[in-house]
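Below is one structure; the comments refer to it alone.
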Amino acid sequence: MWVAKLRLGLVILGLSSCRRTGVVEHVVPSAPAASAEPVVAEPPLVAAVPFARPPISNCAPQTAQEFLVDAHLRAKNLQSAPAQLEWWALLQRSIRYRTEQYGYYKDFGLRSWNPRSLQSQMRVAKFMGLPVVLHERVIPALRCVELALERDCVEQPYRPRTLAGLRQTNTYFGGDVTNHVYGIALDIDPSVNPCCNCVEPWRSNPRCRGAKSDFERMAMPRCWVTVFEQYGFYWLGHDELKDTMHFEFLGDPNKISSSAP
């Protein structure tokens, strides 16, 4: 009887060691007396392999670039002069980057950074069956988003009714430029996905009333935000504007395709 208890205690000790280290250790007890029953080896523990969705063909996941996010409409929350200067430097870096990647917008940056006009690079894309005008360089990223939505968000079906992309005029103040001007921003169903800290009529939208999480302010499923963010888009629902309709591509347009060098 004492041999059986010893064997059981050693096996339990071995399993506890496995849970602590993540490595399966085979515990071999001292040789029992000749009269004891033979020791039966315990089967090795097999770790569960988490399910991973296969990558979408020719689509490379990426996140929004941090310096572009940090340069976004931060000035009014900065109190000190050094902080203002730091933000201004970030903003100028952001404008130069967007100019070099997408084209020159009048009065912001230098034409020598990229002489190509923005207008010449705009194209009509289709997203969820709806037309929208965007910069030709980010349309492949939007296509990746659509494929991922169709695969990953089937349990939360949502079909947009209204899209807005390119905007001809800058609507930002304080030295920044809206990404709608560059054709890299997309608004989805403004009437039900409001910008709660923007101008009317969105500010008075019932979805903006009361204490709510960012995701509770919109009709769009949270899954959509997750998917957009996987392919380089930034959601302004996280921003101080609480602009739940708005996604903008702040990833690297050179890394949209998985076959890019």
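The values are calculated or read from the model by the stated rules, or taken from the named source; none is laboratory data. Computed from a predicted structure; not experimentally measured. Here the Cβ is made from the backbone with ideal geometry for all residues, glycine too, and neighbour counts use every protein chain on show.
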- For segment 202-214, what are the residues that are over 17 Å from the mean Cα position of the chain (by Cα) and either touching a residue at least 60 places away in the same chain (Cβ under 8 Å) or surrounded by 15 or more Cβ atoms within 10 Å (Cβ to Cβ) (or both)? Trp202, Asn205, Arg207, Cys208
- Message: Between Leu149, Leu166, which is touching a Phe, Trp or Tyr at 6+ places or on another chain (Cβ under 7 Å) and either crowded, with 16+ Cβ neighbours inside 10 Å or in contact (Cβ under 8 Å) with a residue 12 or more places away in the chain (or both)?
- Response: Leu149
- Note on the structure: Restricting attention to segment 79-110, the residues that are at pLDDT 95 or above, of a type in the set (Lys, Arg) and more than 30 Å from Arg161 (Cβ to Cβ) number exactly 2
- Query: Does segment 104-114 hold any residues that are more than 15 Å from Asn254 (Cβ to Cβ), surrounded by 13 or more Cβ atoms within 10 Å (Cβ to Cβ) and not aromatic (Phe, Trp, Tyr), and which are they?
  - Reply: Gly109, Arg111
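Per-residue answers, yes or no, for (1) under 19 Å from the mean Cα position of the chain (by Cα); (2) of a type in the set (A, V, I, L, M):
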{"residue": "Arg116", "(1), (2)": "no, no"}
{"residue": "Met122", "(1), (2)": "no, yes"}
{"residue": "Ala148", "(1), (2)": "yes, yes"}
{"residue": "Gly174", "(1), (2)": "no, no"}
{"residue": "Ile184", "(1), (2)": "yes, yes"}
{"residue": "Ser191", "(1), (2)": "no, no"}
- Among the strands (runs of 3 or more DSSP E) confined wholly to segment 161-261, which include 1 or more residues that are out of contact with any helix residue (DSSP H, G or I) (no Cβ under 9 Å at 6 or more places or on another chain) and of a type outside the set (Gly, Ala, Ser)? 185-188, 246-249
- Task: Looking only at segment 121-135, decide whether some residue is modelled with pLDDT under 95 and polar (S, T, N, Q).
- Result: no
- Of the residues in segment 79-96 that are within 22 Å of Asn179 (Cβ to Cβ) and small (Gly, Ala, Ser), the one that is surrounded by the fewest Cβ atoms within 10 Å (Cβ to Cβ) is Ala89
- Just give me the residues in segment 119-140 being more than 25 Å from Pro157 (Cα to Cα) and either in a strand (DSSP E or B) or in contact with a Cys (Cβ under 6 Å, 6 or more places away or on another chain) (or both), in sequence order. Met122, Arg123, His135
- Item | Any hit, segment 215-223, residues being over 19 Å from Tyr182 (Cβ atoms), surrounded by fewer than 18 Cβ atoms within 10 Å (Cβ to Cβ) and small (Gly, Ala, Ser) | yes
- Query: Within the bounds of segment 89-96, is there any residue that is of a type in the set (Val, Ile, Thr), more than 26 Å from Ala148 (Cα to Cα) and assigned to a helix (DSSP H, G or I)?
  - Reply: yes
- Item | Check on Pro115, modelled with pLDDT of 90 or more and assigned to a loop (DSSP other than H, G, I, E, B) | yes
